[in-house]
Amino acid sequence: MQILIQQLINSLSVASVTILIGIGITLIFGLAGIVNFAHGEFLMVGGMVTWFLVSAGVPFFVALIGAMIVVGLLGFVAERGLFRFTLDRPMNGFIMSIGLSVILQHVVIRLFNEVQKTIPDPVGKVWVVGGVDIIAMRAVVVAITAVVVAVTYFGISRSRYGIALRASIADQDTAALMGIPVRKYVTGVFIYGSMLAGLGGALMIALFPITPFTGSVVIIRGFAVSLIGGLGNVGGAVVGGLLLGLVDGLSAGYGLPEWTDAYSLVLMIAVLIIRPQGLLGGTLGPRTS
Amino acid sequence: MKKVLFPFRLTSTRLAVATFGLLAPLVAQAQDQELKIGVVAAQSGSFVSAGNTIVAAANLAAKQINDAGGIKVGGKTYKIKLYIRDNRTDVNVTIASARELVEDIGVKAIWGTETHDFSVSMAKITGPAKVLQFSGNSSLGAVLDDKSVAPGGWLHYTFQTEPQEWQRSGSTAKGVLSLLTPLMDHPPKHSVVFVGNDATGQYLSSHYVKALEAEGQQVDLVKYPPDTTDFSPLLTRIKGMHPDIVHFWYNGDSTLTAFPQALKLDVAPAYFLFGVDPGIYAERHLKSDKPVTLSCVPVCWGSSPYPEVQNYFKNYFALGAAKGPQSSVSLLYYDYFFMYAKALEQVGSIDNPDAVVDALLKMKYQGVVSPVPLVFNAHHQVTFATEVCLVQPGTSDQFKAAVEQPPAAPPPGDTGG
């Protein structure tokens, strides 16, 4: 029983970082129609910035904010300098994002070398409750993810900006005629999604070492989460992340361990066949005339 | 008149000096011939931390040989010129690089690569061209046999610069158990080998499991998908198996990711980390109150008892090499530059690869990687001991090293290779 409870707790923490990257992907696709394959590298850059700052003596939670700002700026530059020119041709943007991911990997190798980077556990405690080990930093990651999910969800569903945002997704041209600065919203969402990737990277390096190639691994899971929940749907990303975490935890614990990744992707394929729009329903990207 | 001539003479003198200055190196270069050697390694992509060690070892060896005056072959002096190619962790790029080095540049030998299938692909290009190949993959043992290494065989010019896997596994298992047992409450009986589920991991672990069983261990094998980051579900499963020792096998980067998670989840009373140098253990400030052993590929940066090894790593890092988990992998490549140079000197020609192969097979060479001379067997494989070291519990930088000789024969159930 202890092992089962441990696996359920593991599942929750496995899901957290994936949810953060999934929300970023889903938001950017939902409004801008950009399938940004470099989003994983944005996360990796966030982790590297955190490592750099912590190594320089900056406290972790300050470094975390620094990583969000740097990756947010990276998102701004990428959107304004690259993706803005591909909004009418999403396939170009997709291919461009693959190129950008490789470029970012090599820039990081050039700056920091290829060796994996790690930081000391910012919390460094393990609570033992009823024989179950709860790693404190993982609990912090789950809590931060929960706050980010709540803020994002209510921001989109309740705030004035959120309503305008959803109007832009429904019909960009009409939204623009109503005075909504759609282009600015696209940029804003891209920056916000990028900042979440930066946050994910900072939280990830607090749990595990990262390398310049970490992004290319997590991006697959990020897209799986977004597609399972419904691309463009924030709530869907949360549900998708939790489901994937649960499948990961339980399959690693009770299935063939070497198939752990495969189980998750089988789930994604099954969902996409049975519900092509995702479990909670997604968007097809922004509508334009 | 003098006013006119003096400047002219001065200019002439300067011209003469300048001309001499320009020509002198060319004259010297004309005397020093160039020995073209290729290096194919991952300088980008997922194998980069292993690949860069090959490049760093090659740069160090070439520099030391050239600084010492080069290689004297048949009355001529050769300086090594390295042609380094990044295979981008891609077998197709590896093949293209090997073709370029062999067919366009005309290298006499190639060092690399870091994985079995890449090395085998390269050997299909180097073999027909009679270009020597030095590869540090123990898994080559699966294809190096009487037929393939015979004259005319496709691996006649290929040399495996790492011991056979049953030898390495045997000496490692013995070293790990001998260091851990005195620190445990009871003699260990149950081991879990935790390994990445890729071709190399499967090959290596198949030998290591047999080696542990030969030492009386009951062994469970748990494989994880390559590129796993969050090991907690798998480690929780292992914890439920109640092992005496968890052996993190083969991939140093993955081990350095998984091991701290295992400590937090208190998975086992003792651990073994393969492919993790003590140097990186200390750099990362890892610490465990449980006994931990490390072994390296092949000797330990950070705790080797041999001054030659310590001096090697001093020079290696002084040349700018990164301090990675697999820095000691470089020693699977370094010594063979000197061995090859010695073979060329004995043969007296750089254009007689068959004679160079014969010279290498007869040679005993005292290198850095082993306290006893390196010798290639009839299957073009070397044999040397493995260093295993114990981290003193509660410390990050206190190590006790043991040097274990390989067993005389494969354990029961292991077909060798």
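Values quoted throughout were computed directly from the atomic coordinates according to the rules given, and no laboratory measurement underlies them. Model, not experiment: these values are computed from the prediction. FYI the Cβ positions are ideal-geometry reconstructions off the backbone, even for glycines, and counts take in every protein chain you see.
Quick notes
- Ordered from longest to shortest, the equivalent ellipsoid semi-axes for the range A:129-196 are 37, 12, 7 Å, each the square root of 5 times a Cα gyration tensor eigenvalue.
- Spherically averaged projected area of the convex hull of Cα atoms, chain A: 15.5 nm².
- Under-5 Å amide H pairs with A:V35, H placed in peptide plane, nonlocal only: A:F94
- Relative contact order, whole percent, for chain A stands at 37, derived from Cα pairs under 8 Å and 6 or more residues apart.
- Dimensions of the range A:95-146 along the principal axes, based on C-alpha atoms and rounded to the nearest Å, stand at 49, 24, 16, largest first.
- For chain B, the relative contact order works out to 18 percent when only alpha carbon pairs closer than 8 Å and six or more residues apart are counted.
- Cα gyration tensor shape for the range B:349-417, rounded if a/c is under 1.5, else prolate or oblate: oblate
- Quick note on the range B:194-288: its Rg to Rh ratio, both from C-alpha atoms and Rh being the Kirkwood radius, is 0.93.
- Scalar couplings 3J(HN,Hα) for the range B:95-106, obtained by applying the Karplus form with A = 6.51, B = -1.76, C = 1.60 to θ = phi - 60°, are 5, 4, 5, 4, 4, 4, 5, 7, 8, 9, 8, x Hz; x denotes Gly and Pro.
- For chain B, the fraction of alpha-carbon pairs in successive 20 Å shells from zero, as %: 26, 52, 16, 5, 1, 0
- Taken over the range B:68-110, the ratio of Cα radius of gyration to 2.2 N^0.38 Å equals 1.48.
- Relative to the current alpha-carbon distance between A:I98 and A:Q2, full extension at 0.36 nm per residue lengthens the span by 30.3 nm.
- Share of Cα-Cα pairs in the range A:160-289 lying beyond 22 Å, as whole percent: 49 percent
- Take the convex hull of the alpha carbons in the range A:219-289; its mean projected area over all directions comes to 5.0 nm².
- The H on the amide N of B:N137, modeled in the peptide plane, is under 5 Å from the matching H of B:T161, B:E162, each at least 5 residues off or on a different chain.
- Pairs of Cα atoms nearer than 8 Å and 6+ residues apart set the relative contact order; for the range B:283-417 it is 33 percent.
- Prolate/oblate/rounded call for the range A:183-245, Cα gyration tensor, a/c under 1.5 rounded: oblate
- Taking θ as phi - 60° and the Karplus parameters 6.51, -1.76 and 1.60, the scalar couplings of the range A:41-52 work out to 5, 4, 4, 4, 4, x, x, 5, 4, 4, 4, 4 Hz in sequence order, x denoting glycine and proline.
- Kirkwood hydrodynamic radius (C-alpha pairs) into Stokes-Einstein, the protein assembly as shown, 4 °C and 1.567 mPa s, D in µm²/s: 47 µm²/s
- Coupling constants for the range B:360-365 follow from the phi torsions by the Karplus curve (6.51 cos²θ - 1.76 cosθ + 1.60, θ = phi - 60°), and in residue order they are 5, 5, 8, 7, 10, 10 Hz; glycine and proline get x.
- Ratio of the Cα radius of gyration of the range B:300-417 to 2.2 N^0.38 Å, where N counts its residues: 1.27
- The local environment of B:Q202, defined by Cβ-Cβ distances under 11 Å, has a net charge of -1 under the rule Lys, Arg +1 and Asp, Glu -1.
- Counting only other chain Cβ atoms within 10 Å of each residue's Cβ, the peptide A:109-120 averages 5.
- Tensor-based shape of the range A:1-102 (alpha-carbon gyration tensor, a/c under 1.5 rounded, otherwise prolate or oblate): oblate
- For B:A402, the residues whose modelled amide H falls within less than 5 Å of its own, excluding neighbours fewer than 5 places apart on the same chain, are B:V388, B:C389, B:L390.
- Flagged links, alpha-carbon separation over 22 Å, of B:K81/B:K323; B:K108/B:K323; B:K239/B:K290; B:K36/B:K76; B:K63/B:K314; B:K76/B:K342: B:K81/B:K323; B:K108/B:K323
- Sum of side-chain charges, B:L263 neighbourhood, beta-carbon under 11 Å (Lys, Arg +1; Asp, Glu -1): -1
- Counting only cysteine Cβ atoms and a cutoff under 4.7 Å, the protein assembly as shown contains unmatched residues B:C389.
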